[in-house]
Amino acid sequence: MDTNRTKALGFSALAIIAVLFIAAVMLSNTLFRGVRLDLTENQLYTLSDGTRAVLGDIDEPINLYFFFSDRATEDLPQWRAYSRRVRETLEEFVAISRGKLNLQVIDPQPFSEEEDEASRFGLPGVPVRGAEDGIFFGLAATNSVDDEEIIPFFDPAKEEFLEYDLARLIYTLDNPEKPVVGLLSSMPLQSGFDPLTNRMREPWAVSTQIQQLFDVRNLEDGLDAIDEEIDVLLVVHPKSLSEQTVYAIDQFVMGGGRAMIFVDPFSQFEQIDTDPNDPTAAMMADRSSNLPTLFDAWGIEFSAEQGILDAGAALQVAARSGRGAVSHLGLIGLTGDSFSEQDVVTSGLTSMNFLIAGYFGLSDDSPLELQPLVVTTPESSLAPVQRFKVTIDPAELQDGFEPSGERWPIAVRVSGELPSAFADGAPTIAPVADDLEAATALPAHRASSDGPVNLVLVGDVDLLADELWVRVQRLFGERLLEELASNGAFVINSLDNLTGSSDLIGVRGRASFVRPFQRVEDLRREAALRFRDTEQQLQKELEETESRLTELQSSRTDADNLLILSDEQREEIERFQARKLEIRQELRRVRRELDKDIEQLGTVLKIINIALVPLLIILFAVGSAWFTSRRAREA
């Protein structure tokens, strides 16, 4: 009887616990919906100050229409989970906006008015695996004057940029007048006809992003002056600019204009005209750019004769010799402490890729103050540009490489008051001098800057190319960008900052979940250098042996038997072959150690991620239960 009663009480207790558990879950879902405890290192799930500033500055109401096919995705938990993330972020936006954001959540079912409304905004029904019909998963927004902005489809692959995309959409609607950027470029940033392929080329991703946020006005070489409506001047790869144009840039800066200038000692992505009669002409062509007239006068040092090699940040590329991946010392991916945390432009950026970059400095008499934004690792050095022209296999860049121990500034901010680079006034240019009306219409010459200038200088042009930072895909006619590095964010951050709008910078600067295994990369890099040293040692011994054999052969006097090896030559060859075998064994040992180190490190990381953290939680729970029980007994 007692046993049965005990069992009944046990079942009843379990049932009560189950009911209480379900009730607690339902209650928490109701009371704490949207509440999160963000324990990530960089507070990735907490709205940034930039977003809060954007939402706090909204002047007029903005309507948000969030379309998600809720019923059509009942059996698709992965899509519903991400839609919940989007919806909660939108609701958090609304809560902070002081009533300026109005959110409507719409389930556009097939053949409904809601589906027609989604189509009217241009949102596509995207077919996904597991759904009979295409699902709608996008956002449309309108402001008080019926300007529209849409996000056609929330791609889960871009989850880390969700906050930025939403903040940018709202900022754009709240600030319909875009800042004006004057673009002076010799690179194919924008769409146009490509004479090399006889096809239309698409714009570079960075150009698309710039045009989304700014009013871009193209400038051509030969201009007399830069329009006063231009807020920021963007100069990319200035090659052989006329003195007239250089003077216009100088006077724009002297007038308080802000500029971002990209120069390069060797641009791989510059389009060079080919000569069918001289195949080497393109290889040996000058691919550098510089502004020596302005830089020399302003005390800015930039060498178009030297490029940077960096073993501490070299990226892996395929070797042409078929030996697999090798480190390309000129193709570098900078992370971590290479970015200035004190400047809003680079604070929070995770990675940037460069290809054969140059560096900046200041002369002793420069009136400017230089602040590095991006620097190399201490394992970097300089190499003549000529070397990059004749190098075919990237592995050759490691020959003779010696790190300098210095960290070279690739991107910098310079500020301060400047004298004009044209101390004697405007240059005498025939077309302008002949046109008196045009000459008198030009603004008066400025001999010095109207207050401190603000310039961002970058020693690489190739970082703007898609290949260095973004993967472009097409989905139903839409270009989807999967960002692999922060190159585009750096450019937009800089332009935002130079135009005086810094609210979006904090949003974009921390918008990345990329967490590279830095220790694994360091191990791989160190082992690759050891392997390279051993390989070079083998090559050196081979050359010495061949030289020794040649000396032995030339010293022989038995002319009739020159084709027959002497005993000494045979011993030398046998010694070399034995040594060669030893070194090959050493090479295999180095590779095995590399794989072993990386495998052991991977095992440790798996143990920490899979077992250690749950074990700590269990120990904490058991300890808490024991402590509570003990206190209860003592009471």
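Residues are listed down the side, and each one gets a yes or a no for (1) open to solvent by less than 70 Å² (accessible area, probe 1.4 Å); (2) modelled with pLDDT under 75:
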position	(1), (2)
D597	yes, yes
A611	yes, yes
S624	yes, no
R630	no, no
Condition met for A72 (more than 29 Å from the chain's Cα centre (by Cα), at pLDDT 75 or above and open to solvent by less than 100 Å² (accessible area, probe 1.4 Å)) = yes
Some residue of region 254-272 being part of a helix (DSSP H, G or I), in contact (Cβ under 8 Å) with a residue 40 or more places away in the chain, out of contact with any helix residue (DSSP H, G or I) (no Cβ under 6 Å at 6 or more places or on another chain) and under 29 Å from G361 (Cα atoms) = yes
Select from region 557-576 the residues that are exposed (fewer than 11 other Cβ atoms within 10 Å of the Cβ) and either charged (D, E, K, R) or at pLDDT 70 or above (or both) and list them in ascending order.
-> D558, D560, D567, E574
Confirm whether Q211 is outside any loop (DSSP other than H, G, I, E, B), within 27 Å of the chain's Cα centre (by Cα) and either surrounded by fewer than 21 Cβ atoms within 10 Å (Cβ to Cβ) or free of Cβ contacts under 8 Å to residues at least 24 places away in the same chain (or both).
-> yes
Matching residues in region 262-301 - criterion: being within 14 Å of S240 (Cα to Cα) and open to solvent by 80 Å² or more (accessible area, probe 1.4 Å) | D286
Selection from region 85-112 of residues that are within 13 Å of S69 (Cα to Cα) and at pLDDT below 90 | Q109, P110, F111, S112
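Specify which of the listed residues (L334, L309, L355) is modelled with pLDDT of 90 or more, open to solvent by 10 Å² or more (accessible area, probe 1.4 Å) and among the hydrophobic types (A, V, I, L, M, F, W, C).
L355
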V326 vs. criteria in contact (Cβ under 8 Å) with a residue 60 or more places away in the chain, surrounded by 20 or more Cβ atoms within 10 Å (Cβ to Cβ), in a strand (DSSP E or B) and of a type in the set (V, I, T) | yes
Filter pass, A426 being at pLDDT below 90, buried (at least 17 other Cβ atoms within 10 Å of the Cβ) and assigned to a loop (DSSP other than H, G, I, E, B) | yes
Identify, by number, the condition in (1) farther than 18 Å from V461 by Cα; (2) open to solvent by less than 30 Å² (accessible area, probe 1.4 Å) that R407 doesn't meet.
-> (2)
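Anything in region 286-314 that is assigned to a helix (DSSP H, G or I) and of a type in the set (S, T, N, Q)? List them, or say none.
Correct list: T293 only.
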Among what's in region 371-402 and is crowded, with 19+ Cβ neighbours inside 10 Å and of a type in the set (A, V, I, L, M), pick the residue that is modelled with the lowest pLDDT.
-> A395
So, first residue within 8 Å of I300 (Cβ to Cβ) in region 361-376, second residue not in a strand (DSSP E or B), Cβ within less than 8 Å, six or more apart or across chains; the pairs are L362/G299; L362/L368; S363/G299; S366/W298; S366/G299; L368/W298; L368/G299; L368/L418
Single residue of A357, A325 found to be within 19 Å of the chain's Cα centre (by Cα) and either more than 26 Å from E270 (Cβ to Cβ) or among the aliphatic types (A, V, I, L, M) (or both) | A357
Filtering region 447-488 down to residues that are open to solvent by less than 70 Å² (accessible area, probe 1.4 Å), more than 24 Å from F295 (Cβ to Cβ), touching an Asp or Glu at 6+ places or on another chain (Cβ under 7 Å) and part of a strand (DSSP E or B) yields V470, V472, L480
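The values are calculated or read from the model by the stated rules, or taken from the named source; none is laboratory data. This structure is a prediction, so every number in the text was calculated from the model and none was measured. Cβ: placed from backbone, ideal geometry, glycine included. Neighbour counts: every protein chain shown. What goes into the accessible areas is simple: the full protein's heavy atoms, side chains included, and nothing from ligands, DNA or RNA. Shrake-Rupley method; radii C 1.70, N 1.55, O 1.52, S 1.80 Å.
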